[in-house]
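One structure is given here, and the rest of the page talks about it.
Nothing in this text is a laboratory measurement; each read-out follows from the coordinates by a stated rule. Bear in mind the structure is a predicted one, so any value in this text is a computation, not a measurement. Cβ coordinates were reconstructed from backbone atoms using ideal geometry, including for glycine residues, and neighbour counts include every protein chain displayed.
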Amino acid sequence: MKALDLKARAVPVGAGLPAIGPSAQTYSEGCRPGLIAGKPAPTGLALADHLADLAVEALLDEADLSPKPGLVDRRSSGAHHDMSLALMHASALALWPCFKHMAQAAQQHGAITPALRTDLGRIGREGEAAMLATTGGVNTHRGAIWALGLLVAARALGGQADARAVASRAGRIALLDDPASPAQHSHGSQVRQRHGVGGAREQAQLGFPAVIDHGLVQLHRSRAAGCSEPHARLDALLAIMATLGDTCVLWRAGTEGLQTVQQGARAVLAEGGSATLAGRRQLRRLDAQLLQLNASPGGAADLLAACLFLDAAGGL
């Protein structure tokens, strides 16, 4: 099936280019209202609906955040010649029913059980089918369905609402087998076997350490330092990139690409992050390197969306 023709217009990257957040012309901090940390659910809105809103908003905000090295954003399609910002938006919006149904399933089961894991797997596959139908067969958000789906279900189960507790519950769900899961032939599974990395499955089973111990920590640190919200989110992405064994990068560019991603992300943060001129110069350099290698830190992008979701959902 032919992918939808939703191409983004390329904008040159500049060393001094500021971070661009979603709806930046309307919200001075570049943050959609639905993803303000700790914002309560609107009166009368069911929890499942609100969690689905937050999950989709996290995907939209991750896509809009710019400039992201090697990734689809407001400037260009990065290393993804089959994707565009409009396609990422359409994919995210198509996943709203999937996230709502996952939250409802968690509420109905009320506990972490094999039956819940089976239902979440089925709903996730239905969500993936909806995504592929929307994008014309392009895999825009398979990893995000896994990560955000687990976190949505974990938050809907109730209990402690802080990010670490929600991620830990998600990890307990991920440890359960899905008997209906088809044999894995994805790029991620092939990379795990070839390079011996854990990938998205291990990240989830361990309670998302790249998000909890790196992404969220850096997000809060950059905010505390007075950075704008877009810069704080870019720094959170870089903190994840600096430590993650990203299977998307390994598939496209091997170990050389992964080393480039990790070292480049650390270099930006070492210069004070994306809010500084020196940091933006390093970010521009990293972007050029990843485009040359055709490498895209898609796994880190999925985990940034998870980071933004946890940041927003903790106050519900």
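The largest-to-smallest principal axis extents of the Cα set in region 33-156 are 43, 31, 21 Å.
How would M241, M88 line up from fewest to most surrounding beta-carbon atoms within 10 angstrom? Working shown, then result.
On the way: M241 31, M88 27.
Starting with the residue having the fewest Cβ neighbours, the order is M88, M241.
Site pair R122 and V217 shows an inter-label distance of 4.0 nm when each label is modelled 7 Å from Cα along Cα→Cβ.
Round to the nearest 0.05 the FRET efficiency obtained for D177 and L277 when R0 = 45 Å and r is the Cβ-Cβ distance. Write down the numbers at each step before the final one.
Working: r = 50 Å, r/R0 = 1.11.
FRET efficiency, D177 to L277: 0.35.
For region 262-299, the residues whose amide N sits under 19 Å from a probe point set 7 Å from the Cα of N139 along the beta carbon direction are 294-299. Computed extension gain for T113 through E202, at 0.36 nm per residue and net of the alpha carbon distance, reaches 30.1 nm.
Take each peptide in 137-145, 221-229, 76-84, 245-253, count the other Cβ atoms within 10 Å of every residue, and average; sorted highest first, the result is 245-253, 137-145, 76-84, 221-229.
Between region 219-242 and region 155-179, the C-alpha centres lie 25 angstrom from each other.
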